[in-house]
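Working notes for the structure below.
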Amino acid sequence: MFDYIKEIAKLKKEKNAVILAHFYQRPEIQDIADYTGDSLYLSKVARDIDAEMIVFCGVHFMAETAKILSPDKLVILPREDAGCPMADMATATKLKEYKKNNSDTKIVSYVNTTAEIKALSDVCVTSSNAETVIKEFKDEKLMYVPDQNLGSYLKDKFDLRMDLWPGFCYVHNRFNLEDIEAMKHKYPKAKFLAHPEMKLEIVKQADYVGSTKALLEYTKQSDDKQFLVGTEVGIIHQMRLASPDKEFIEINQDFYCRNMKKTRLEDLYNALLNEETKITIPDEILEPARKSLDIMFEITEKNA
Ligand code: 13P
Ligand code: SF4
């Protein structure tokens with residue numbers, strides 16, 4: 001049988017490549033990656049790493065972000081069809097129209113957006129740093145693109161003057177209050193962890209709210225032994241590796257991201273071998289998109 005793990009390691013060395021994988025990837029992809037993490041961490045690695053090639057096991061906007069931050073490196077997305085439906089809910093045409101009618105409003109875009117949307121934005125955020133970054137803009141009129149759930153969470157928490165783009169993550173938006181209540185009833189001792197891409201009414205029921213990385217860290221340091229995991233099921237792989245003595249319960253096994261699960265070992269091998277699919281971004285988009293990411297890093301690093 002073809003040994004993908006061995007062959008991937010060989011190609012990686014030959015091509016001076018690094019493999020980055022998001023926490024929502026399949027366990028075998030997370031295990032073979034050089035760096036596994038959330039959106040913020042992986043974008044920092046992409047910006048700072050010394051390598052000729054980055055193979056990004058994630059979805060399209062993540063590989064695009066890596067290219068914006070490391071334009072001189074070859075950035076490869078193993079599955080061309082691994083997109084993020086939420087990122088596609090914000091189009092440049094509509095955002096340009098909004099900006100024309102609201103010239104006094106600052107555009108805050110979630111990292112889950114296309115490069116074109118980032119280029120039209122004043123600043124970017126990820127779920128890890130959204131609260132830190134938004135505090136710097138709390139006196140401004142704001143538009144948050146495209147996740148209305150994360151936007152509602154920020155608006156509610158900081159009492160912001162903020163318009164919300166009508167976008168959502170189809171995975172997180174599927175969690176409903178009845179599911180959560182039933183699970184809390186079934187596991188009364190479990191702590192309920194929520195990603196802010198879920199609806200605000202659900203996030204308000206959580207014992208802890210955070211990005212995938214923050215949820216993982218919480219489970220590591222907590223004395224509790226049982227957790228209801230309110231985000232895409234992929235993160236449970238890392239939670240179990242880090243805390244084998246604790247129990248991690250999926251709210252519903254069907255709440256997984258089809259796009260994140262597209263990448264298999266075979267795709268990763270082919271991506272390294274054929275150097276496909278290459279991410280390219282025109283300079284006139286790359287430069288302003290980079291600016292909105294740089295402002296995000298500047299604020300995050302200043303507040304670290
Ligand atoms: P984080 O990695 O920032 O937690 O975001 C989750 C997500 O939906 C990525 O697509
Ligand atoms: Fe997009 Fe949601 Fe999948 Fe993340 S989990 S890539 S936001 S669809």
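The values are calculated or read from the model by the stated rules, or taken from the named source; none is laboratory data. Remember, predicted model here, so these are calculated numbers, not experimental data. Positions of Cβ are backbone-derived with ideal geometry, glycine not excepted, and every protein chain shown enters the neighbour counts. For accessibility, only protein heavy atoms count, side chains too; no ligands or nucleic acids. Shrake-Rupley method; radii C 1.70, N 1.55, O 1.52, S 1.80 Å.
None of Glu140, Glu131, Glu116 is in contact (Cβ under 8 Å) with a residue 60 or more places away in the chain, of a type in the set (D, E, K, R) and either at negative phi or open to solvent by 60 Å² or more (accessible area, probe 1.4 Å) (or both) except Glu116.
Taking each residue of region 271-300 that is more than 17 Å from Glu116 (Cα to Cα) and modelled with pLDDT of 95 or more and looking for partners that are open to solvent by less than 30 Å² (accessible area, probe 1.4 Å) and part of a helix (DSSP H, G or I) with beta-carbon atoms closer than 8 Å, six or more apart or interchain, yields Leu272/Ile8; Leu272/Leu11; Leu273/Leu11; Thr277/Ala271; Ile299/Val133; Thr300/Leu40; Thr300/Val133.
Just one of the listed residues (Ile117, Ile107) is of a type in the set (A, V, I, L, M, F, W, C), more than 16 Å from ligand 2 (Cβ to nearest atom) and either more than 16 Å from Ser152 (Cα to Cα) or at pLDDT 95 or above (or both), and it is Ile107. For the criterion of being touching a Cys at 6+ places or on another chain (Cβ under 9 Å) and more than 22 Å from Lys213 (Cα to Cα), Lys118 passes. Does any residue of region 49-72 turn out to be of a type in the set (S, T, N, Q) and free of Cβ contacts under 8 Å to residues at least 60 places away in the same chain? There is at least one residue in region 49-72 that is of a type in the set (S, T, N, Q) and free of Cβ contacts under 8 Å to residues at least 60 places away in the same chain. Looking across region 1-53, the residues that are away from ligand 2 (no atom under 16 Å from the Cβ) and modelled with pLDDT under 95 come down to Met1, Phe2.
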